[in-house]
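Below is one structure, written out as structure tokens; the observations come after it.
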């Protein structure tokens, strides 16, 4: 139900593999996803992770409602804080950059998992929907807070208080996703971007991602203080020789682009 592949140096691809169930997040899949991210986070050979879904219909439709309907205790997963039960937290707990390759619909809990990624590349088949209100539950994996920060409170309220679908193109226009590509170009585009990130040193990827994320949770002044403190500590370890070596590589890359 979960595939983990390493198609390129420094890059791992994690695929939610329940296409017949729209890659719904069953309990077993949530546990497997958490285990996979723990392993990849600790794997020094992996610098960047691509998260996607099998097939073209769905990235993930969120919690497996069929499973929940037969489990009176299952609804607790909607408010779980344990990353083994809460896949959004499993993604967020990973220190490495995660590219969401959104191949189809990302609905409710699936929308929350997508929002936990660092970069979103969408197929033209991708659509997003928050159906929490229509199902009669409130979000517990971060959607009510992360969506408004991504697209603004007015647009977030429009989506969440109607349950309407947002197309890939509209998601791009609203600044929710980085790119929209043809379905056959989704994985090549995501892998190319992952390879470009993986060309950076692993500790730099982890350090810079954390600086952005941790600072975004703060007010601007506090964020600037955080940047200063971490920058001073990091840059004290950088020598002129290291800068000269990397400068040559940056110039060579600039000439080739």
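Observations on the structure shown:
- Just one of the listed residues (198, 210) is out of contact with any strand residue (DSSP E or B) (no Cβ under 6 Å at 6 or more places or on another chain), closer than 30 Å to residue 7 by Cβ and touching a residue at least 40 places away in the same chain (Cβ under 8 Å), namely 210.
- Across the range 140-155, the qualifying residues are those that are within 21 Å of residue 63 (Cα to Cα) and without any contact (Cβ under 8 Å) to a residue 60 or more places away in the chain, and the one among them that is surrounded by the most Cβ atoms within 10 Å (Cβ to Cβ) is 143.
- Only one of 127, 134 that is over 27 Å from residue 40 (Cα atoms) and buried (at least 20 other Cβ atoms within 10 Å of the Cβ): 127
- Here residue 109 fits the description: at pLDDT below 95 and either in contact with a helix residue (DSSP H, G or I) (Cβ under 7 Å, 6 or more places away or on another chain) or under 18 Å from residue 141 (Cβ atoms) (or both).
- Residue within the range 164-172 that is at negative phi and more than 20 Å from the chain's Cα centre (by Cα) present: yes
- Test: residue in the range 81-99 that is under 26 Å from residue 48 (Cβ atoms), assigned to a strand (DSSP E or B) and touching a helix residue (DSSP H, G or I) at 6+ places or on another chain (Cβ under 8 Å): yes
- Residue match in the range 96-107 (condition: within 23 Å of residue 178 (Cβ to Cβ), out of contact with any strand residue (DSSP E or B) (no Cβ under 8 Å at 6 or more places or on another chain) and surrounded by fewer than 22 Cβ atoms within 10 Å (Cβ to Cβ)): no
- Flag if residue 115 is closer than 26 Å to residue 10 by Cβ and touching a strand residue (DSSP E or B) at 6+ places or on another chain (Cβ under 6 Å): no
- Filtered by the rule that a residue be more than 24 Å from residue 78 (Cα to Cα), touching a strand residue (DSSP E or B) at 6+ places or on another chain (Cβ under 7 Å) and touching a residue at least 12 places away in the same chain (Cβ under 8 Å), the range 4-44 gives 4, 6, 7, 10, 11, 12, 13, 40.
- Sole residue being in a loop (DSSP other than H, G, I, E, B), farther than 30 Å from residue 7 by Cβ and free of Cβ contacts under 8 Å to residues at least 40 places away in the same chain, chosen from 218, 224: 218
- Single residue of 171, 244, 198, 236 found to be surrounded by 13 or more Cβ atoms within 10 Å (Cβ to Cβ) and under 27 Å from residue 44 (Cβ atoms): 198
- Of the residues in the range 46-58, at least one is surrounded by fewer than 23 Cβ atoms within 10 Å (Cβ to Cβ), assigned by TED's automatic domain parsing to the domain that holds residue 127 and outside any loop (DSSP other than H, G, I, E, B).
The values are calculated or read from the model by the stated rules, or taken from the named source; none is laboratory data. None of these values were measured; they are calculated from a predicted model. As a convention, Cβ positions derive from the backbone with ideal geometry for all residues, glycine included, and neighbour counts pool all protein chains shown.
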